Amino acid sequence: MAALFLGMNANAARMDMVDVSNNNGYMSTAEYVSMRNEFGVKAITVKISEGGTYKDPYAASNIANVQAAGLYINGYHFARYATKAQAIAEADFAGKTAKAAGLPIGAVLATDVEAEEQNNQSKAANDVNNKAFMQEIQKFGYRADIYTSGSWANNKMTIKGKTGWIAAYPYVVSGKNWYSTNHAWQWSSTAKFRISYGGFDVSQLNSNYYTAGQKSTVKPTNKGAVKSNNKEANKNASKPYTAAKWVKEAKAYTLKTAVKLRTGASTSSNAITILPAGTTVKTDQAIIQGGYRWVRQPRFNGYGYLATGPASNTLEYVKSGATHTYYTVKSGDSWWAIAQRNGLNMTTLASQNGKTIYTTIYPGQRLVVR
C-alpha cells in the first residue's frame, strides 16, 4: 500500500509535515528518507514533552534521524497547564528538554492545547496561558505556535490571522475555513506510509513558518543520543531466536485487548506500536519462549512480533470472531466525556484502544467502547 489518506477534501491536501511521537515507536533515518522521497514530506514535528515531568523517550533519536534524512525539524509540547504560572513552568521544562534532545535553535516549539485542563478553562484564561507559554519558549531561541483542533480554535482560544497549526476534519468548522488561513492545516490522523507501521498525523503547510530559520540539510546535533537510542532500538531486531523452534502458522487473530507489537519475540524488545483491541493480525509463524506464545506478523520492511498470551494460556490476548461496539469521536469530545457516556473510566477506555488518556483523539476516529 503506498498510502492511505482519510478525510482528504477536493482540494487534494498535501503531506508537507508529519507529526511523530512515542506513540509511533522508534523511527529510523531510512523511514524518514522514505517519507521525503516517496511522499513529498518536507518537515517532521516531534513530540518533546508533556506537562511538567514527561519527556518523550524518542525525541532525541527522532530529531537526529530527521536531520540526517534532510528534513526540516520542529517540536511540540503537550500542554497540561491551567494557570499562567503553570504555563511558564511547562515552557521552561519543554525548552530545557528540547535543548537536551538536540532541537536546533530557530525551530518551532509549539504548544499542543487540547487536554482536559484547558477544556475546563474559559477562552480568556486559555488566551492568557497560551500567550505566557509562547513568550517563555522564545527565551530558549525557539519560535512559538499553537497546535489545536478547529473546534477548540473556534471556541476555546483566540487564533488570529496566519497563526496556528490547526487540526480540522472537515476543514470548515463552524463556518471557519481552516484550510488555508493558518501556518499549517492537519487534515488526517490516519495516514500510512509504505515503510512505517500505524497511522500518522499529516498536515499541509500554508506558510514557510515550519521551514524557516533552519536548513533542511543540517547534520544531527545530538549524535551521542541518537547513537544510544538507535543501538537500544535495534539490538533485538535482527537477532535469530534459537531458544525454541519457530513453526509455520498462517492464521488471522483478532485482539481482545491492546497488545504491543515489538521488534523481536521478547518483552525486552522495543515496541513498534500498540495494536488496539479489535485489530486483526495475520501471522506466518509462531513460537513459545520467554514465558509467552509469540506470533510473527509480516510487515513491509520486515516483521513485527506480538504475544498472544502466556505460554500456559496461549490465546489469552486473542479470540476469533470478536465483535465490538464502536464510538466515532465528535468535535469537543474528550476521553472523560466518552468514558462517562459509556459507563467506563478513562484509563479503561484508553487502554482497550491501545492508547493512554494523554493520547490525542480527533473527530472521526473510531474507539472501542464495548
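General remarks:
- ASP127, ASP19, ranked by accessible area, largest first (probe 1.4 Å): ASP127, ASP19
- With DNA, RNA and ligands ignored, accessible area of TRP185 (1.4 Å probe; Å², nearest 10): 0
- Intensity falloff of the range 84-188 expressed as log10 I(q)/I(0), Debye formula with alpha-carbon point scatterers, at q = 0.20, 0.23, 0.25 Å⁻¹: -1.02, -1.22, -1.32
- Solvent-accessible surface ranking, highest first, for VAL172, VAL368 at 1.4 angstrom: VAL172, VAL368
- By a 1.4 Å probe calculation restricted to protein chains, LYS176 has an accessible surface near 80 Å², given to the nearest 10.
- Here the mean projected area of the convex hull built on the C-alpha positions of the range 134-183 is 3.5 nm².
- Largest accessible area first, the residues THR267, THR279 order themselves as THR267, THR279 under a 1.4 Å probe with ligands, DNA and RNA left out.
- Pairs spanning more than 20 Å between alpha-carbon atoms, out of LYS256/LYS282; LYS47/LYS96; LYS47/LYS355; LYS256/LYS355; LYS55/LYS256: LYS55/LYS256.
- When the surface is traced with a 1.4 Å probe over the full set of protein chains, VAL173 keeps roughly 20 Å² accessible.
- Debye, to nearest 20: dipole size of the range 33-145, +1 on Lys, Arg Cβ, -1 on Asp, Glu Cβ: 340
The values are calculated or read from the model by the stated rules, or taken from the named source; none is laboratory data. What you see is a predicted model, and the numbers here were worked out from it, not measured in a lab. All Cβ positions, even for glycine, are placed from backbone atoms using ideal geometry, and neighbour counts span all protein chains on display. Note: areas computed on protein heavy atoms with side chains; ligands, DNA, RNA excluded. Shrake-Rupley method; radii C 1.70, N 1.55, O 1.52, S 1.80 Å.
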